[in-house]
Amino acid sequence: MIAYLEHFVHGNDAESRQDDTDGDVVSSLDGLEITTATASAGKDFGGTKFSKPLAVVRPSSAVDIARAVRAAAATANLTVAARGNGHSINGQAMAHRGLVLDMRAMENHCFRFGAENGSGGLRYVDVPGGALWEDVLKRCVSQFGLAPRSWTDYLGLTVGGTLSNGGVSGQAFRYGPQTANVTEMEVVTGRGETVICSEKQNSELFFAALGGLGQFGIITRARVLLQQAPDMVRWIRVVYSEFEAYTRDAEWLVSLREGEGFDYVEGFVFVNSDDPCNGWPTVPIHPNQRFDPVRLPSNAGPVLYCLELALHYRHSHHPSTLDMEVEKLVGRLRFVEGVKFEVDVSYMEFLLRVKRVEEEAKVKGIWDAPHPWLNMFISKSNIAEFDREVFKKIIKNGVGGPILVYPLLRSKWDSRHSVMVPESSNIFYIVALLRFVPAPPKGPHAEILVAQNNAIIQLCYNRGFDFKLYLPHYNSQENWMRHFGDKWTRFIDRKANFDPLALLAPGQKIFSRIPQPLSIT
Ligand code: FAD
């Protein structure tokens, strides 16, 4: 077993090596929709990594996926990457000289509604792994007035892509990440077997695949829990000059039970200036609203903080009751007096809010520019020091886009899943540097921004912070081992069990493809 593992652990050259027989694999997949026009599969949203696959397969079913995996397994070196919507930052959905499976080819398959344990149980929808969350929203709300409970901010992401990572937004404090809101999946493993899994059936694969970075199988279907969709949302932003007051209020809000608090709690850091991309103008929700800096205390620092909240309601909700409910909560918050923005929008409009940002960014040409983003989870015990050292110093002039920082609760994350979160306290913060800057010569070279990200990560290591990268990306095996800590052995065992040739998701650069089929002992 040890020799097997030594062979197996990544030496940072996990890509498929070209083999004379690779072309034969493509011809052996007759009947499948397959193309060697691979340009879009060779890049991603990050825009800094490029890699040419051998071919792109557009599967029409789990059977097609199992065929492709088995065909790759029969070669010496070929790898297979499921590609959701290619919104990774560091080439995670790529397969250099391997097969890329375009999961969106199956996005319109089997949308099926049901209820756990008969009609009285929790309602769910079965959705294809390649479906976009935006499509899940539209179908669930328009057909049944229902909606998933836990979201990402941006919905142009696939179900399989976010379930392979976590899936986090302002509802996660209550319902946990998207991975905690799935009760069953169909997965094609690296052995080419199609397996139905849940907490009770093939549970090890179920837990492994959730947050599993695509390492154990390809999610072809997921059963997503639903709740009644509200009609409307009261969407509020309040501004703080002190990080301590901001975190105190945010932590209080995420501690409230369902029905007693807001349905969505997020927040972000912005620059204390009139900079249109990083400063005051980024805070108002509606074009008619204006940020009045005169209200800020004269001793405010280089950055300010904005708590973003939302309360769901139905058309039948009486306006004065709603106002009272909101006031009861907002009245207890210690934000800068008068610096508050609110609007009422439909639930759909609220959930699709980042689509508008996408449209604007496309017009400005910054959607297709490189995005060296950094996403981290940082323990509550270290977030104040992070604020002092990173928000107020290293990125005090902003990152050209949102800098998210808001609390999550570890108790809502299932430690049996593969995703890693800080452990020293129940509260940890997501920090996301969502850089939107024009490509050179108008903006800085991506390498400079990547170096800044690395400096921030290094600072966290040097200070001994309890933190994890979210959507992790590492260049060495030591760093992957450090990331998984005492769960590394479990991760390796799961890999050996479900993808023994290390065919799957080579772009994560964790494992090297095993060149020859091995018998595992
Ligand atoms: P891809 O990038 O295509 O794939 C990601 C990884 O998952 C790859 O390793 C791939 O091989 C694997 N994979 C893809 N599909 C499957 C499948 N069906 N089965 C198994 N493995 C699979 N994340 C959040 O949590 N919250 C947010 O609010 C959020 N907002 C975002 C906004 C934008 C604009 C962007 C670009 C990203 C955002 N993300 C967010 C990150 C997002 O969750 C990841 O990029 C994720 O990878 C989903 O993207 P994707 O569907 O394009 O997957």
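Among the residues of the range 427-445, the ones that are over 30 Å from Gly217 (Cα atoms) and at pLDDT 95 or above come to 2 in all. Just one residue in the set Arg83, Arg97 is open to solvent by 60 Å² or more (accessible area, probe 1.4 Å) and either basic (Lys, Arg) or free of Cβ contacts under 8 Å to residues at least 40 places away in the same chain (or both); that residue is Arg97.
Note on the range 152-252: enclosed strands (runs of 3 or more DSSP E) holding 2 or more residues that are under 27 Å from Met348 (Cβ atoms), open to solvent by 20 Å² or more (accessible area, probe 1.4 Å) and within 16 Å of the ligand (Cβ to nearest atom) are 217-228.
For the range 113-128, which residues satisfy the criterion of being assigned to a strand (DSSP E or B) and open to solvent by 40 Å² or more (accessible area, probe 1.4 Å)? Hits for the range 113-128 are Phe113, Arg123.
Tell me which residues, restricted to the range 73-112, are in a strand (DSSP E or B) and touching a helix residue (DSSP H, G or I) at 6+ places or on another chain (Cβ under 9 Å).
Val80, Ala81, Ala82, Arg83, Leu99, Val100, Leu101, Asp102
Taking the criterion of being open to solvent by 50 Å² or more (accessible area, probe 1.4 Å) and among the hydrophobic types (A, V, I, L, M, F, W, C), the residues of the range 467-490 that qualify are Leu471, Met481. Just so you know, in the range 25-52 the residues that are among the polar types (S, T, N, Q), out of contact with any strand residue (DSSP E or B) (no Cβ under 9 Å at 6 or more places or on another chain) and part of a loop (DSSP other than H, G, I, E, B) include one that is least open to solvent (accessible area, probe 1.4 Å), and it is Ser51. Residue-level check: of (1) crowded, with 24+ Cβ neighbours inside 10 Å; (2) closer than 19 Å to Gln215 by Cβ, Arg70 misses just (1). From the set of residues in the range 338-352 that are assigned to a loop (DSSP other than H, G, I, E, B) and closer than 18 Å to Pro281 by Cα, which is least open to solvent (accessible area, probe 1.4 Å)? Ranking the candidates gives Val339 first.
A quick yes/no check of all residues on (1) touching a strand residue (DSSP E or B) at 6+ places or on another chain (Cβ under 6 Å); (2) among the β-branched types (Val, Ile, Thr); (3) farther than 22 Å from Glu258 by Cβ:
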{"site": "Leu155", "(1), (2), (3)": "no, no, yes"}
{"site": "Thr183", "(1), (2), (3)": "yes, yes, no"}
{"site": "Val187", "(1), (2), (3)": "yes, yes, yes"}
{"site": "Arg191", "(1), (2), (3)": "no, no, yes"}
{"site": "Asn202", "(1), (2), (3)": "yes, no, yes"}
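Of the residues making up the range 74-102, just one is farther than 15 Å from Ser512 by Cβ and either at pLDDT below 95 or in contact with a Cys (Cβ under 9 Å, 6 or more places away or on another chain) (or both), namely Ala74. Residues in the range 262-295 that are open to solvent by 10 Å² or more (accessible area, probe 1.4 Å), closer than 30 Å to Tyr175 by Cα and in a loop (DSSP other than H, G, I, E, B): Asp263, Pro284, Ile285, His286.
Within the range 426-444, the set of residues being away from the ligand (no atom under 16 Å from the Cβ), outside any strand (DSSP E or B) and surrounded by 14 or more Cβ atoms within 10 Å (Cβ to Cβ) comprises Asn426, Pro438, Ala439, Gly443, Pro444. In the range 374-402, of all residues being within 16 Å of the ligand (Cβ to nearest atom) and not in a loop (DSSP other than H, G, I, E, B), the one that is nearest to Thr48 (Cα to Cα) corresponds to Leu374.
The set of residues in the range 11-24 being crowded, with 19+ Cβ neighbours inside 10 Å and either among the hydroxyl-bearing types (Ser, Thr, Tyr) or at pLDDT below 65 (or both) consists of Ala14, Glu15, Ser16. Scanning the range 399-413 for residues that are within 22 Å of Gly176 (Cβ to Cβ) and either loosely packed, with under 15 Cβ neighbours inside 10 Å or touching a Cys at 6+ places or on another chain (Cβ under 8 Å) (or both) gives a single hit, Ser411.
Quick check: is even one residue across the range 353-373 under 24 Å from Tyr474 (Cα atoms), within 14 Å of the ligand (Cβ to nearest atom), among the aromatic types (Phe, Trp, Tyr) and open to solvent by 30 Å² or more (accessible area, probe 1.4 Å)? First the steps, then the outcome.
As a first pass, look at the range 353-373 and keep what is under 24 Å from Tyr474 (Cα atoms): 368-373.
Add one more test, that the residue is within 14 Å of the ligand (Cβ to nearest atom), and what stays is 368-373.
Then drop every residue that is not among the aromatic types (Phe, Trp, Tyr), which leaves 373.
Those left that are additionally open to solvent by 30 Å² or more (accessible area, probe 1.4 Å): 373.
Checked the range 353-373: at least one residue is under 24 Å from Tyr474 (Cα atoms), within 14 Å of the ligand (Cβ to nearest atom), among the aromatic types (Phe, Trp, Tyr) and open to solvent by 30 Å² or more (accessible area, probe 1.4 Å).
The values are calculated or read from the model by the stated rules, or taken from the named source; none is laboratory data. If you're wondering where the values come from, they're calculated on a predicted model, not measured in any experiment. Using ideal geometry, Cβ is built from the backbone for each residue, glycine included, and neighbour counts are taken over all protein chains shown. Protein only, heavy atoms only, side chains kept; ligands, DNA and RNA dropped before computing areas. Shrake-Rupley method; radii C 1.70, N 1.55, O 1.52, S 1.80 Å.
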